[in-house]
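Q: Questions regarding the structure given below will be posed in turn.
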Amino acid sequence: MLDLTAGNVGLMLAAAGAAGVVDAIVGGGGLIMVPALFGLFPQALPATLLGTNKAAAVWGTAWSAWQFSRRVRLPSRRLMGAMLAALIGSALGAWLATRVPAGAFRVALPLVLGAVWVYTLWRKDLGHTHEPNWAPHVEAWWATLLGATVGLYDGLFGPGTGSFFVFALVRGLGWDFLHASAAAKRLNVATNVAALAWFIPHGHVAWALALPMAVANVLGSTLGTRLALRHGSGFVRVVFLVVVGVLILKTAWDAWGSWVV
């Protein structure tokens with residue numbers, strides 16, 4: 001059981017709202033919600049906290065995906081295969097997570113994120129213009145491969161999934177940051193649904209907390225989506241660099257902090 005005092009719930013609603021803003025722009029809302037859950041409810045089972053996070057975040061992500069769809073034209077048919085692949089990949093990754101130790105991922109992740117950050121900073125033109133690299137049928141296959149790969153990572157380990165989706169679409173398909181962020185929301189919905197297909201039947205969602213968090217997350221998502229649409233790809237790129245930079249610091253501390261101490 002979670003200690004659902006007014007203070008704890010209020011702090012979690014604030015965290016869920018802030019996470020919705022960040023996640024709608026470029027992904028990475030878990031940077032805010034997951035640490036808040038673990039900090040405020042230290043006695044709860046980790047699986048319950050992760051399931052509660054997914055149950056709240058999926059609504060904000062889905063709402064953001066719908067808002068983007070009204071203003072940003074995406075090749076929906078070409079993305080269907082990517083969404084299905086992301087869902088299957090995430091489910092497979094969740095199964096593998098019970099059999100493969102995550103230690104190697106934890107140590108390597110800051111280095112991978114660091115390479116993404118440096119490359120994005122170095123290539124100042126990256127993601128500013130929407131110029132797809134491939135013919136439609138080839139793009140569909142590439143998008144499906146990207147969806148499966150990042151989906152597998154999300155189920156197996158998870159941190160930075162939204163940012164990896166955005167970077168993969170920008171670098172791999174030649175999309176701008178705004179289109180990539182819009183598409184990443186749809187793919188993230190698929191991976192969240194796959195995770196919830198395991199968390200919900202096993203009773204790892206605290207609905208009394210997840211539902212009000214979902215409302216706050218949707219409100220934050222509305223604000224974040226409007227900011228992204230108003231300010232365009234250049235703004236999304238800057239937020240991407242900030243979020244990935246914070247991810248590098250956090251994952252580096254999680255992986256290597258004990259060595260430093």
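Q: Enumerate by residue number the trypsin sites (Lys or Arg not before Pro) in the range 1-74 meeting two conditions: DSSP loop (anything except H, G, I, E, B), and at most 12 other Cβ atoms within 10 Å of the site's Cβ.
A: ARG73
Q: Would you mind classifying the range 6-260 by shape? Square roots of the alpha carbon gyration tensor eigenvalues, ordered a ≥ b ≥ c; an a/c under 1.5 is rounded, otherwise it is prolate if a/b is larger than b/c and oblate if not.
A: Judged from the Cα gyration tensor, the range 6-260 comes out rounded (a/c under 1.5).
Q: Which value in deg cm²/dmol, rounded to the nearest 500, describes the helix-derived mean residue ellipticity at 222 nm for the chain, given -39,500 (n - 2.57) per DSSP H run of n ≥ 4 and division by the residue count?
A: -28500 deg cm²/dmol
Q: Under 19 Å Cα to Cα from LYS185, which lysines show up? Leave out anything in the same chain fewer than 8 places away.
A: LYS54
Q: Using the crude model of +1 on Lys and Arg Cβ and -1 on Asp and Glu Cβ, and no other charge, please compute the dipole size for the chain relative to its Cα centre, in debye to 20.
A: Using only the charged Cβ atoms, the result is roughly 500 debye.
Q: I've got another one for you. What order do you get for ARG78, ARG230 when you list them from fewest to most C-beta neighbours inside 10 Å?
A: In increasing order of surrounding Cβ atoms, one gets ARG230, ARG78.
Q: Of PHE105, TRP198, ASN133, which is farthest towards the positive pole of the chain's charge dipole, taken about the Cα centre with +1 and -1 on the beta-carbons of Lys, Arg and Asp, Glu respectively?
A: Selected residue: ASN133.
Q: Would you order TRP134, TRP59, TRP259 from fewest to most other beta-carbon atoms within 10 Å of each residue's own beta-carbon?
A: Lowest to highest Cβ neighbour count: TRP259, TRP134, TRP59.
Q: Roughly speaking, what is the centre-to-centre gap between the range 52-101 and the range 191-261 when only Cα atoms are used, to the nearest Å?
A: If you average the Cα positions of each part, the centres end up 13 Å apart.
Q: Here's another thing I want to ask about it. For the charge dipole of the chain, defined by +1 on Lys and Arg C-beta atoms and -1 on Asp and Glu C-beta atoms about the Cα centroid, which residue among HIS231, THR48, SER90 has the Cα displaced farthest towards the positive pole?
A: Most positive-ward Cα: HIS231.
Q: I would also like to ask the following. When the chain is modelled as a GNM with alpha-carbon springs shorter than 10 Å, which of ALA91, ALA19, ALA197 fluctuates the most?
A: So, out of ALA91, ALA19, ALA197, the one fluctuating most is ALA197.
Q: May I ask you to sort ILE88, ILE200, ILE32 by Cβ crowding, counting other Cβ atoms within 10 Å and putting the fewest first?
A: Placing the least packed residue first, the sequence is ILE200, ILE88, ILE32.
Since every read-out is calculated from the coordinates, none of them should be taken as a lab result. Values in this document were obtained by computation on a predicted structure and should not be read as measured data. Methodologically, a virtual Cβ is constructed for each residue, glycine included, from the backbone with ideal geometry; neighbour enumeration extends over all protein chains shown.
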